């Protein structure tokens, strides 16, 4: 007897949660991912800012699933889903049939119709992005050290992060600490403390998903670190020389993008309604309209709950994955009734810098040192693998006491400076 075939596209939080929940189910599972590793995205900014190395926050999918005998892993990319035929077409020309399918391919960067900005303002979604950003940040200080023209030197010491969400805030706060503490006394012709870090948010406040009193505290904590926070003004243009802020052009050789996301393009191949960000408008049980055997979860799913969208965060993706696993088992047993997905809000947290963070869990709101410890404990707990947790704790302990950042290695040739397009890595698409 052939077991039902469950295919999972995407080895992120939602995909892994589904697979693990099906560990004892009478099914055979194929996981397809374009990369061979699971990435703990909440700590990706730490790789970009040289606090952690890539293996600290990533683990090979085959290693994670090595003891689950009903799973096989394919390294590949799905180009098209054919729901009527229950078939996938891969980029290498292969086809794969399924009895139940989960698509959890996440999101990518959105430049609001200005995709040419990507060359000059990279975003942060993959390890390849993180290594490219790390190179740009460190090379900016190196170029400033060798520059003799004062205006050109200051342009290398101008850093702008576009987008005041958690990623933008974390990048801005950490970069300010690097300039003021980590690089202290290491250069002979520049003072890294003169670097200016600017965080730009088009909306009225940073971290808009948090209560206003907490975002006010976050802004004060950023400004205490030396970050120039600009709100209510969108960036109008970005090029190799800098960016346009209102009517003023700001010279800056390093601009980072943390402002918008767009859903994986795979959702568009389903032929079903999408929202403005390209996410699939799923049924309450996370199935695709008209296809009860096809599910979408994680950042690719668009779902309203109590009049508000389910947020694109790791806890929501994990809960979606567990729900999809239950729904698949019910469908395969011939049950037509599957209860609606219900997101259980586990709170929201963001770190601003050393010993500075904000946490919002229900009615509980806290900022500062206590929030930072809560944030630290939560992120270490959810890391996959004992080795990862130990390495991260050791590195953070060293950084706390010494301000040192352990991964300050610049890859590539010196001629590939921070003004050039993104350096290609094996992790890039």
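The values are calculated or read from the model by the stated rules, or taken from the named source; none is laboratory data. Model, not experiment: these values are computed from the prediction. Every residue, glycine as well, gets a Cβ built from its backbone with ideal geometry; the counts of neighbours run over all protein chains shown.
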Subject >> Qualifying residue in the stretch 42-61 (condition: more than 30 Å from residue 168 (Cα to Cα) and over 16 Å from the mean Cα position of the chain (by Cα)) >> reply: no
Subject >> Members of the stretch 225-236 found to be out of contact with any helix residue (DSSP H, G or I) (no Cβ under 6 Å at 6 or more places or on another chain) and in contact (Cβ under 8 Å) with a residue 40 or more places away in the chain, listed by number >> reply: 231, 235
Original post:
Can you name the residue in the stretch 1-42 that is out of contact with any strand residue (DSSP E or B) (no Cβ under 9 Å at 6 or more places or on another chain) and assigned to a loop (DSSP other than H, G, I, E, B) and is also surrounded by the fewest Cβ atoms within 10 Å (Cβ to Cβ) among such residues?
Top reply: 1
**OP:** Please enumerate the residues belonging to the stretch 75-89 that are out of contact with any helix residue (DSSP H, G or I) (no Cβ under 7 Å at 6 or more places or on another chain) and surrounded by fewer than 16 Cβ atoms within 10 Å (Cβ to Cβ).
**Re:** 75, 79, 82, 84, 85, 87
**OP:** Considering every residue within the stretch 360-377, establish whether at least one is in a loop (DSSP other than H, G, I, E, B), at pLDDT 80 or above and in contact with a strand residue (DSSP E or B) (Cβ under 8 Å, 6 or more places away or on another chain).
**Re:** yes
Original post:
Quick one: is residue 294 assigned to a strand (DSSP E or B), farther than 21 Å from residue 331 by Cβ and touching a residue at least 40 places away in the same chain (Cβ under 8 Å)?
Top reply: no
**OP:** Among the residues of the stretch 356-395, write down those that are touching a residue at least 40 places away in the same chain (Cβ under 8 Å), at positive phi and surrounded by fewer than 16 Cβ atoms within 10 Å (Cβ to Cβ).
**Re:** 368
Original post:
Out of all the residues in the stretch 223-240, is one or more within 14 Å of residue 171 (Cα to Cα), assigned by TED's automatic domain parsing to the domain that holds residue 174 and part of a helix (DSSP H, G or I)?
Top reply: yes
**OP:** Would you tally the residues in the stretch 237-264 being within 20 Å of the chain's Cα centre (by Cα) and at pLDDT 90 or above?
**Re:** 6
Subject >> Residue count for the stretch 310-324, restricted to those that are over 18 Å from residue 44 (Cβ atoms) and part of a helix (DSSP H, G or I) >> reply: 6
**OP:** For residue 215, indicate whether it is out of contact with any helix residue (DSSP H, G or I) (no Cβ under 9 Å at 6 or more places or on another chain), outside the structural domain of residue 12 (by TED's automatic domain parsing) and assigned to a helix (DSSP H, G or I).
**Re:** yes
Original post:
Which one of these is at pLDDT below 75 and touching a helix residue (DSSP H, G or I) at 6+ places or on another chain (Cβ under 7 Å): 343, 403?
Top reply: 403
